[in-house]
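The values are calculated or read from the model by the stated rules, or taken from the named source; none is laboratory data. If you're wondering where the values come from, they're calculated on a predicted model, not measured in any experiment. Quick reminder, even Gly has a Cβ in these numbers, built from the backbone with ideal geometry, and neighbours come from all protein chains shown.
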Amino acid sequence: AQSVTQPDARVTVSEGASLQLRCKYSYFGTPYLFWYVQYPRQGLQLLLKYYPGDPVVQGVNGFEAEFSKSNSSFHLRKASVHWSDWAVYFCAVSMNQGGSAKLIFGEGTKLTVSS
Amino acid sequence: EAAVTQSPRNKVAVTGGKVTLSCNQTNNHNNMYWYRQDTGHGLRLIHYSYGAGSTEKGDIPDGYKASRPSQENFSLILELATPSQTSVYFCASGWSQNTLYFGAGTRLSVL
């Protein structure tokens with residue numbers, strides 16, 4: 001069955017340090033993949049999305065992600081974390097069903113930025 | 001940018017009562033979705049819709065109904081609310097295979 005796993009429920013990173021948030025997916029075929037961010041008491045906002053093509057995709061605020069078919073992964077990276085990145089990050093895969101799509105989300109990774 | 005508005009933002013209901021959560025979107029998206037968010041589960045899909053008059057069951061539809069009377073509006077209905085339905089509910093809209101735009105969420109407590 002299609003699914004998304006984010007193995008790290010919580011990650012703490014020092015401000016200015018690099019970041020990697022892990023995402024593993026299970027999907028038959030070529031997936032469409034997304035990273036969303038949720039700031040406190042807000043809805044989710046799109047960070048970046050992968051459509052079949054270049055495996056490295058750039059997003060907003062310096063985020064990027066790399067798709068790996070061999071590893072079934074879509075990890076999120078940032079070179080230098082800012083305190084404003086403190087949020088919950090969700091990985092998602094798009095499932096095409098009956099001509100329309102629905103997103104299946106991972107459990108989320110809560111990022112804490114320490115000073 | 002798409003605007004998705006949910007109402008109410010907070011709701012306290014009694015067990016066995018009826019609850020209606022409303023969602024309105026102004027960008028003429030065909031697809032709308034209702035998710036609930038719980039610690040340890042991420043977001044789980046309850047119902048979704050391809051357009052006015054259509055509703056489809058998501059992954060956890062039991063205890064919920066949905067209504068899409070127009071392109072703009074999509075409601076989630078709890079006919080007999082239970083404490084297990086205490087959660088944060090998110091509405092979203094979008095086109096097929098594309099970005100979803102989320103509302104700010106409704107925090108529901110069922111006592």
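List of remarks:
- Filtered by the rule that a residue be assigned to a strand (DSSP E or B) and modelled with pLDDT under 90, the range A:27-41 gives a lone residue, A:Tyr32.
- Flag if B:Tyr101 is within 14 Å of chain A (Cβ to nearest Cβ), at pLDDT 95 or above and out of contact with any Cys (no Cβ under 8 Å at 6 or more places or on another chain): no
- Output for the range B:38-67, where each listed residue is more than 20 Å from B:Ala3 (Cβ to Cβ) and of a type in the set (S, T, N, Q): B:Thr39, B:Ser54, B:Thr55, B:Ser67
- The single condition from (1) over 15 Å from A:Val93 (Cα atoms); (2) under 12 Å from the mean Cα position of the chain (by Cα) that A:Cys23 fails is (1).
- Restricting B:Ser87, B:Ser109 to those that are away from chain A (no Cβ under 11 Å), loosely packed, with under 15 Cβ neighbours inside 10 Å and touching a residue at least 40 places away in the same chain (Cβ under 8 Å) reduces the list to B:Ser109.
- Considering A:Lys102, A:Lys78, A:Lys69, the condition of being within 11 Å of chain B (Cβ to nearest Cβ) and charged (D, E, K, R) is satisfied by A:Lys102 alone.
- Extreme residue, nearest to A:Ser94 (Cα to Cα), among residues of the range A:26-41 that are of a type in the set (Phe, Trp, Tyr) and surrounded by fewer than 20 Cβ atoms within 10 Å (Cβ to Cβ): A:Tyr32
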